[in-house]
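Heads up: the structure comes next, in structure tokens.
The values are calculated or read from the model by the stated rules, or taken from the named source; none is laboratory data. Remember, predicted model here, so these are calculated numbers, not experimental data. Positions of Cβ are backbone-derived with ideal geometry, glycine not excepted, and every protein chain shown enters the neighbour counts. Please note that ligands, DNA and RNA were not included when accessible areas were found on the heavy atoms of the full protein model with its side chains. Shrake-Rupley method; radii C 1.70, N 1.55, O 1.52, S 1.80 Å.
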Amino acid sequence: MLPSSAQARTASDAMAVEQFAADVRYYLSQSPPQLPSHYFYDALGSALFEAICHLPWYGITRAESRLLAAHGDEVFRRLDSLSTVVELGPGSGLKMRLLLDAAGPKPRPLTVHLVDVSQSALEIAAHTVGSGGDVRVTTHRATYDAGLREAAVQAGGRTLVAFLGSNIGNFDPPGAAAFLHNVRVALSPGDGLLLGVDLVKPEPALRLAYDDPLGVTAAFNRNLLVRINRELGGDFDLDQYEHRAVWDADRSRVEMHLVARSAQHVHIPRADVDLRLAPGDPIWTESSYKYRTGDVAALLQACGFRLSAQWIDRQDGFALTLAEAA
Ligand code: AVJ
């Protein structure tokens, strides 16, 4: 007999695999075939993403860290009597630690809720965020919406939601608006939202950020096929997929694809998939939308927030925006 927590873990893992299988089946049947980008983040995918954050060509994490270190104290000053922070998609947790450190001594006990689909990322983030000894940390292995609802139920007092790293870039514009609406609904007037958004910049910089000379991003992208092979019994032939990143200026997004180099016939038994690709056919694995500063303000206002402050990193083209639930 398993201890009840281990049992719960096993049951939720089984549910997660079933959801993965259903999503793989549905999205690969679209044209072009697609895969949802949040499945990048298994243990290896999360580690590869951490490596991406250190690449000289990927400026998002460094730009945001500079802004958090420089303005974190002001975030807390503008939200006096804050008692809860909810971070959606904390990754390694280093940025939240940076924000908490920048704020200095906390006048009251602060609880930080971390929401992530990746168990390995959550464990690392909880350790990193908790290492300051100045906050209580609670984790939620869940999607953003489900995790935010859970955290909001437990939260007492004034709350700040942090959505950093330009994670919002993975939503298409209607999806981003719907998501921010949900965040607003989970909050009360006076609660805060700290949003990190990557800005539109010249195409060569965008291409290098998503197709780096070390091939780390290519490995991150292909790891999705490794994960499907392992968890769903797929037979993707990894060398037969080329990593491609393209900037679509009209839609203001970088797309990542995996392009078949030759004709492919793929079986994924646990997802009941039988997929044929011709040479040059893409599987679309990610969209990363880029914003202009004015877009961010307009989007927040349309979703029930009032702009409180916006800080820009000119070096890498990144915006950190603090808004208040209106
Ligand atoms: C974590 C979604 C913000 O879009 O820049 C990095 C993911 N993809 N390199 C991004 C990613 C390729 C990243 N986000």
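In table form, for the structure just shown:
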quantity: Global form of segment 1-154, assessed from the alpha-carbon gyration tensor, a/c cut-off 1.5; calculated: oblate
quantity: List ARG270, ARG158, ARG78, ordered by accessible area with a 1.4 Å probe, largest first; calculated: ARG270, ARG78, ARG158
quantity: Rounded to 5, percent antiparallel among DSSP beta bridges of the chain; calculated: 60 percent
quantity: Spin-label pair HIS54/ALA11, simplified geometry with 7 Å Cα→Cβ offset, distance in nm; calculated: 4.0 nm
quantity: Acute angle (nearest 10 degrees) that the helix 144-154 long axis makes with the longest principal axis of the chain, alpha-carbon atoms; calculated: 30 degrees
quantity: For segment 203-254: accessible area per residue (Å², 1.4 Å); calculated: 45 Å²
quantity: Average Cα contact separation per residue, segment 227-300, under 8 Å, 6 or more apart, as relative contact order %; calculated: 29 percent
quantity: Rel. contact order, % - alpha carbon contacts under 8 angstrom, at least six apart, the chain; calculated: 20 percent
quantity: Phi-based couplings in Hz for segment 103-113 (Karplus 6.51, -1.76, 1.60; Gly and Pro marked x); calculated: 6, x, x, 8, x, 9, x, 10, 9, 10, 9
quantity: Rounded percent of accessible protein surface that carbon and sulfur make up, the chain, 1.4 Å probe; calculated: 54 percent
quantity: Rounded accessible area per residue of segment 27-183, 1.4 Å, Å²; calculated: 41 Å²
quantity: Listed residues GLU123, GLU87 arranged by accessible area, highest first, probe 1.4 Å; calculated: GLU123, GLU87
quantity: Solvent-accessible area of VAL153 with every protein chain in place, 1.4 Å probe, in Å² to the nearest 10; calculated: 120 Å²
quantity: Residue-by-residue Karplus 3J(HN,Hα) for segment 180-189, coefficients 6.51, -1.76, 1.60, Hz, glycine and proline x; calculated: 5, 4, 4, 4, 4, 5, 6, 9, 10, x
quantity: Label zone at ASP172, where the point sits 7 Å out along the Cα-to-Cβ direction: segment 273-317 residues whose backbone N lies under 12 Å; calculated: 287
quantity: Contact order normalised by residue count of segment 89-217, Cα under 8 Å, 6+ apart, percent; calculated: 22 percent
quantity: Nonlocal amide H pairs with VAL85, under 5 Å, H built at 1.01 Å; calculated: THR111, VAL112, HIS113, LEU160
quantity: Under 29 Å from LYS290, Cα to Cα: lysines that are on another chain or at least 8 residues apart; calculated: LYS95, LYS201
quantity: Peptides ranked, highest mean first, by Cβ atoms within 10 Å: ranges 100-109, 299-308, 60-69; calculated: 60-69, 299-308, 100-109
